[in-house]
Every structure is written in C-alpha cells, then in structure tokens.
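Step one of this worksheet: look at the structure below.
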Ligand SMILES: Cc1cc2nc3c(=O)[nH]c(=O)nc-3n(C[C@H](O)[C@H](O)[C@H](O)COP(=O)(O)O)c2cc1C
C-alpha cells in the first residue's frame, strides 16, 4: 500500500531530496559542479574498481547541451531542457585488465550517483535522473566503448519552487524488508507496529509538505 509518511529521524538530506520537474535558469557554479563529481568519485565500489563515468554538458556550452538534450526522450523534455547541466551516467561492465564481468557495475554507478545527488542536495541543487533516454544515440554521438553501458541521464539545476513535483510515496518497509525467508516478517518491524499507536503521530511527517533546500542546509552538512 502506498505510504507517504516518513520517519523524521532520517537525515534531512534524505528526507528533503526529491526529483524536480522544473529548474530555474541560473547556472551551477563550476566549484559546485566539481564538488558533485568529487562526491561521486569518493563512492565505494567493489574492489575499489570505480567503474562509473559521467559525460557532462552544461548550458554554457550551448552546442554540447543541445546535443545531449537531443538524446532525452520526449516524455522528459519539458523539464530536462530547463536543466543547468545534463550528465550521462555510464559504467564499465568488465574489469579493466582481466576483462572479467563486473557483477556490480550498475550498483556501483548508482552508489556514485547517490553520492552526487546528496552532495547536490546539500548545496541546494536538484537532480532528476532519467531512464527514458536514447542510449543507442548516446553511444554513437559520444563514442562510448562497447563494454561501457549507458545507464542514466541526470538533469541538474536549482529547482523551481512550483516544480516540486507530484506527491511522493513509498512502499512500506514490510513490503521489502524480510526476516528469515522471503516475505517473512522481520520481528523488529512487528514490534515497531505494536508501538506505532504511541509514536507514529510524533515521528511521521507528510512528504507532500516540501522541505525547502535552505532548511536542509540549515541542518548542516553531513
Ligand atoms: C534511475 C532512475 C531513473 C529515473 N527515470 C526517470 C525518467 O525517465 N523520467 C522521470 O520523470 N523520472 C525518472 N526518475 C525519477 C523517479 O520517477 C523518482 O525518483 C521517483 O518517482 C520518486 O520520486 P522522488 O525522486 O521525487 O522521491 C528516475 C529515477 C531514477 C533513480
């Protein structure tokens, strides 16, 4: 069942992040953009193999930006075209040197992108990631090697307040956290349910009340 309550004890960077459906026209300072990429760089990865790559196009480079935007599917164009920067997230599917399959390549890219997203959130920058992109065109235009997989595109920018997006919801913990065998309830969650009557009103807040990024900043950096 969809659930839009959120345990307020999680970090405001996580609670307040969302995928914006519109961006202001101002650009992202070079130092900020570099910091986001540095955050991705310091992500964990299997055997520290760091399989991720990002191709970056900023609005300042109009031609490059237009080229990357031409690889965004129609469904995402209305807000992606407002972004200050577009990034293509790629990952190497084999280990350098040995050529062995890199089992967690996509996971590791996702982790690096998560670092990037939270560094962005801490800086008041919004990120909207994309599945609906033209991967064949990206591979051709950017001459991406065959063992590198294009996974996502990321639209970065300062979210327009009015473009916060739809009401957010999540599956409840019980639907994906198990104890013992698959789908078996984790006792910890059961005892939480028992206590819920007393605590839920205090600990939950409705996610549709947007967290202003300045609120996140005022909680300090992680
Ligand atoms: C890998 C990935 C791909 C996504 N692709 C798209 C997309 O193509 N179009 C879109 O509108 N949103 C896309 N999203 C955004 C999700 O729809 C969004 O994260 C989800 O609805 C939860 O909303 P929230 O990020 O505001 O919490 C994508 C998110 C991720 C992580």
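The values are calculated or read from the model by the stated rules, or taken from the named source; none is laboratory data. Computed from a prediction, not measured in an experiment: that's the story for all the values here. Methodologically, a virtual Cβ is constructed for each residue, glycine included, from the backbone with ideal geometry; neighbour enumeration extends over all protein chains shown.
For this structure, a couple of remarks:
- From 62, 57, 66, residue being touching a strand residue (DSSP E or B) at 6+ places or on another chain (Cβ under 6 Å) and free of Cβ contacts under 8 Å to residues at least 40 places away in the same chain: 57
- Test: residue 174 is at pLDDT below 95 and in contact with a helix residue (DSSP H, G or I) (Cβ under 8 Å, 6 or more places away or on another chain): yes
- In the range 2-27, the residues that are out of contact with any helix residue (DSSP H, G or I) (no Cβ under 8 Å at 6 or more places or on another chain) and away from the ligand (no atom under 12 Å from the Cβ): 3, 10, 11, 24, 25, 26, 27
- Some residue of the range 103-117 being touching a strand residue (DSSP E or B) at 6+ places or on another chain (Cβ under 8 Å) and part of a loop (DSSP other than H, G, I, E, B): no
- Set side by side, the residues 117, 127 differ, and just one is touching a residue at least 40 places away in the same chain (Cβ under 8 Å), in contact with a helix residue (DSSP H, G or I) (Cβ under 7 Å, 6 or more places away or on another chain) and within 12 Å of the ligand (Cβ to nearest atom), which is 127.
- So residue 173, is it surrounded by fewer than 17 Cβ atoms within 10 Å (Cβ to Cβ), in the same structural domain as residue 46 (by TED's automatic domain parsing) and touching a residue at least 12 places away in the same chain (Cβ under 8 Å): no
- With respect to the conditions (1) in a helix (DSSP H, G or I); (2) within 16 Å of the ligand (Cβ to nearest atom); (3) within 18 Å of residue 133 (Cα to Cα), residue 40 falls short on a single one, namely (3).
- Qualifying residue in the range 175-185 (condition: more than 16 Å from the ligand (Cβ to nearest atom) and under 20 Å from residue 37 (Cβ atoms)): no
- Scope the range 50-107; condition more than 23 Å from residue 32 (Cβ to Cβ), touching a helix residue (DSSP H, G or I) at 6+ places or on another chain (Cβ under 7 Å) and crowded, with 18+ Cβ neighbours inside 10 Å; matching residues: 51, 71, 91, 92
- Screening residue 90 against (1) more than 16 Å from the ligand (Cβ to nearest atom); (2) assigned to a strand (DSSP E or B) leaves a single unmet condition, (1).
- Output for the range 132-170, where each listed residue is modelled with pLDDT under 95, more than 30 Å from residue 187 (Cβ to Cβ) and surrounded by fewer than 16 Cβ atoms within 10 Å (Cβ to Cβ): 161, 162, 166, 167
- When the test is whether a residue is more than 19 Å from residue 76 (Cα to Cα), more than 14 Å from the chain's Cα centre (by Cα), in the same structural domain as residue 51 (by TED's automatic domain parsing) and within 16 Å of the ligand (Cβ to nearest atom), residue 149 passes it.
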